[in-house]
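To start, the structure itself, in structure tokens.
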């Protein structure tokens, strides 16, 4: 995709056509990134809308000569982080103060899936801490380089490598335990 920095200048001046063009050009990237973290279409659409709302309320902070796609990616990832934190707090509050119901443990759900089921891997991935999951998804699914991930997350390249190593190790251990439980 060819990006014209002139669009940012026009959007900063309040040109609605330029803002619409930015949304048109970058909405596939935003939707793809958000959908890596949230499974339901409604959630993805809501978060994508939040991302573009944040972008256009802070468009004056962007320098047209800088990497706008990288900045947008960072806003998207930070919005996903924020929502993951809110969801975790809501779930914790619900567990403490919500109705007392017996819920099926995650391990039992994983054991009922077929060995080749994508759902097992997805559940293991979703169980990872966001600090580990996000770099792993950016590297393996979005195919970003370590340097691009470091810039997007605002961390060092070494930290990205450490997080990738830990994420892969935890993911492998989780999948191995599911496979072991199926054998027994």
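Structure notes:
- When 174, 181, 152 are arranged by Cβ crowding within 10 Å, least crowded first, meaning fewest neighbours, the order is 181, 174, 152.
- Mean Cβ neighbour count within 10 Å, used as a protection proxy, ranking 23-31, 75-83 highest first: 75-83, 23-31
- Put simply, when 36-43, 131-138 are sorted by average Cβ atoms within 10 angstrom per residue, most first, you get 131-138, 36-43.
Every number in this text was worked out from the coordinates using simple rules, so none of it is lab data. It should be emphasised that the depicted structure is a prediction, and the values quoted were computed from it without experimental measurement. Here the Cβ is made from the backbone with ideal geometry for all residues, glycine too, and neighbour counts use every protein chain on show.
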